[in-house]
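Notes follow the structure.
Derivation of every value follows stated rules applied to the coordinates shown; laboratory data play no part. In this text, all values refer to a predicted model and were calculated from it rather than measured experimentally. As a convention, Cβ positions derive from the backbone with ideal geometry for all residues, glycine included, and neighbour counts pool all protein chains shown.
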Amino acid sequence: MKNIVAANWKMNFDIDKAQSVAQKMAEIINTKAVDVVVCPPFTHLDRLDEVFSSSVIKLGAQNMHFEEKGAFTGEISLAMLQSVGCEYVILGHSERRHIFYEDDEFINKKVKSAKKHGFNVILCVGETLEERKNGRAFDVVKTQLQKGLDGVDRQNVIVAYEPVWAIGTGVSADRDTIEEMHKFIRRSENDVPILYGGSVKAKNAAEIASIDDVNGFLVGSASLDADEFKKIIDEFIKTKGV
Ligand code: PGA
């Protein structure tokens, strides 16, 4: 099983700051034990493609549109992403689902299109706090997986379990919760790497990495700092012994 540690920079950094953080990452991260992916805002992809060209770090996008081209104001196509060196794309992130009202059918169209273009797809799933309190966490994740991956072969598909209530809060889900959900996902998804996301940082990386079915991380806030991101990668590698 492939191991992946991915950075989701969300809507942070101007181009110069992005370049300096990326340059530092390119200098200090040189492992081949895991795939390291950085997903900056669209406007920074081209410059970062250059920065990462002689490093192990791969480039990813945070979203895309499934159509090839045309009258889709404000959207970005896969061919455009490919032309600036993108190999990965994050789809179905909870912020896309909850702030921008993307539903499972819409996300499924994106997954299919991204796969057709040869992208590695990081499909995010995860329940809200209310859904968890109502005992619906497993149902929600199951539906997101079933609908999101409907008609999709699993090659180059990566699933990221990101409980919405643990994203950006500074407090990750606890060990048992992560273990239980990753096991649940593993039951239907034998061959896909399953990442955990939601307040991963250097301090909790080893504990989360010690869970069997955790094959990597999707890191938000803590990936904005090159040293912290490298520590997370190192903790993962050390704990997994890869
Ligand atoms: P966080 O974000 O690490 O800041 O919680 C993770 C994500 O949203 O992918």
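Filter the range 181-200 down to the residues that are free of Cβ contacts under 8 Å to residues at least 60 places away in the same chain and among the aliphatic types (A, V, I, L, M) and list them by number.
181, 192, 194, 200
Is it fair to say residue 94 is within 16 Å of the ligand (Cβ to nearest atom), under 19 Å from residue 61 (Cβ atoms) and either in contact with a Pro (Cβ under 9 Å, 6 or more places away or on another chain) or hydroxyl-bearing (Ser, Thr, Tyr) (or both)? Spell out how you get there, then give the answer.
Details: within 16 Å of the ligand (Cβ to nearest atom): yes; under 19 Å from residue 61 (Cβ atoms): yes; either in contact with a Pro (Cβ under 9 Å, 6 or more places away or on another chain) or hydroxyl-bearing (Ser, Thr, Tyr) (or both): yes.
It is true that residue 94 is within 16 Å of the ligand (Cβ to nearest atom), under 19 Å from residue 61 (Cβ atoms) and either in contact with a Pro (Cβ under 9 Å, 6 or more places away or on another chain) or hydroxyl-bearing (Ser, Thr, Tyr) (or both).
Residues 51, 84, 56, 21: which one is in contact with a helix residue (DSSP H, G or I) (Cβ under 8 Å, 6 or more places away or on another chain) and closer than 26 Å to residue 208 by Cβ?
21
Tell me, which residue of the range 126-161 that is of a type in the set (Val, Ile, Thr) and within 16 Å of the ligand (Cβ to nearest atom) is surrounded by the fewest Cβ atoms within 10 Å (Cβ to Cβ)?
Of all residues in the range 126-161, those of a type in the set (Val, Ile, Thr) come to 128, 140-141, 143, 152, 157-159.
Among the residues that remain, those that are also within 16 Å of the ligand (Cβ to nearest atom) are: 128, 141, 158-159.
Values: 128: 17, 141: 21, 158: 25, 159: 27.
Within the range 126-161, the match that is surrounded by the fewest Cβ atoms within 10 Å (Cβ to Cβ) is 128.
Let's see how each residue does on (1) at positive phi; (2) among the hydroxyl-bearing types (Ser, Thr, Tyr); (3) over 15 Å from the mean Cα position of the chain (by Cα):
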site	(1), (2), (3)
56	no, no, yes
71	no, no, yes
76	no, no, yes
81	no, no, yes
90	no, no, no
126	yes, no, no
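Return yes when residue 233 is in contact with a Ser or Thr (Cβ under 8 Å, 6 or more places away or on another chain), within 16 Å of the ligand (Cβ to nearest atom), over 19 Å from residue 95 (Cβ atoms) and part of a helix (DSSP H, G or I) and no when it is not. Reasoning before the result, please.
Values: in contact with a Ser or Thr (Cβ under 8 Å, 6 or more places away or on another chain): yes; within 16 Å of the ligand (Cβ to nearest atom): yes; over 19 Å from residue 95 (Cβ atoms): yes; part of a helix (DSSP H, G or I): yes.
So residue 233 passes the test.
Go through the range 1-24 and report how many residues are within 16 Å of the ligand (Cβ to nearest atom) and either in a strand (DSSP E or B) or under 18 Å from residue 227 (Cβ atoms) (or both).
Our first condition is that a residue be within 16 Å of the ligand (Cβ to nearest atom); within the range 1-24, this holds for 4-13, 21.
Among the residues that remain, those that are also either in a strand (DSSP E or B) or under 18 Å from residue 227 (Cβ atoms) (or both) are: 4-9, 12-13, 21.
The qualifying residues number 9.
Within the range 70-90, does at least one residue satisfy the condition of being of a type in the set (D, E, K, R), surrounded by fewer than 14 Cβ atoms within 10 Å (Cβ to Cβ), more than 16 Å from the ligand (Cβ to nearest atom) and farther than 21 Å from residue 217 by Cβ?
So in the range 70-90, the residues of a type in the set (D, E, K, R) come out as 75, 87.
From what is left, the residues that are surrounded by fewer than 14 Cβ atoms within 10 Å (Cβ to Cβ) are none.
No; the residues of the range 70-90 include none that is of a type in the set (D, E, K, R), surrounded by fewer than 14 Cβ atoms within 10 Å (Cβ to Cβ), more than 16 Å from the ligand (Cβ to nearest atom) and farther than 21 Å from residue 217 by Cβ.
Which pairs turn up if I take residues in the range 208-224 that are within 8 Å of residue 7 (Cα to Cα) and in a loop (DSSP other than H, G, I, E, B) and look for partners that are away from the ligand (no atom under 15 Å from the Cβ) and among the charged types (D, E, K, R) with beta carbon separation below 6 Å, at least 6 apart in sequence or on another chain?
none
Considering each residue of the range 97-125, count those that are more than 23 Å from residue 36 (Cβ to Cβ) and away from the ligand (no atom under 16 Å from the Cβ), and give that number.
To start, the set of residues in the range 97-125 that are more than 23 Å from residue 36 (Cβ to Cβ) comprises 97-110, 112-113, 116.
Add one more test, that the residue is away from the ligand (no atom under 16 Å from the Cβ), and what stays is 101, 103-106, 108-110, 112-113, 116.
Going through the range 97-125 one residue at a time, the tally reaches 11.
Hey, residue 215 hits all of (1) near the ligand (Cβ under 10 Å from one of its atoms); (2) closer than 20 Å to residue 35 by Cα but one; which does it fall short on?
Tallying (1) near the ligand (Cβ under 10 Å from one of its atoms); (2) closer than 20 Å to residue 35 by Cα, residue 215 fails exactly one: (1).
Can you name the residue in the range 28-66 that is in contact (Cβ under 8 Å) with a residue 24 or more places away in the chain, outside any strand (DSSP E or B) and among the charged types (D, E, K, R) and is also surrounded by the fewest Cβ atoms within 10 Å (Cβ to Cβ) among such residues?
Within the range 28-66, the first condition is being in contact (Cβ under 8 Å) with a residue 24 or more places away in the chain, and the residues that meet it are 28-49, 51-66.
Filter once more, so that each one left must be outside any strand (DSSP E or B): 28-34, 40-49, 51-57, 62-66.
From the residues that got through so far, the ones that are among the charged types (D, E, K, R) too are 32, 46-47, 49.
Working: 32: 8, 46: 13, 47: 16, 49: 15.
Restricting to residues being in contact (Cβ under 8 Å) with a residue 24 or more places away in the chain, outside any strand (DSSP E or B) and among the charged types (D, E, K, R), the top hit is 32.
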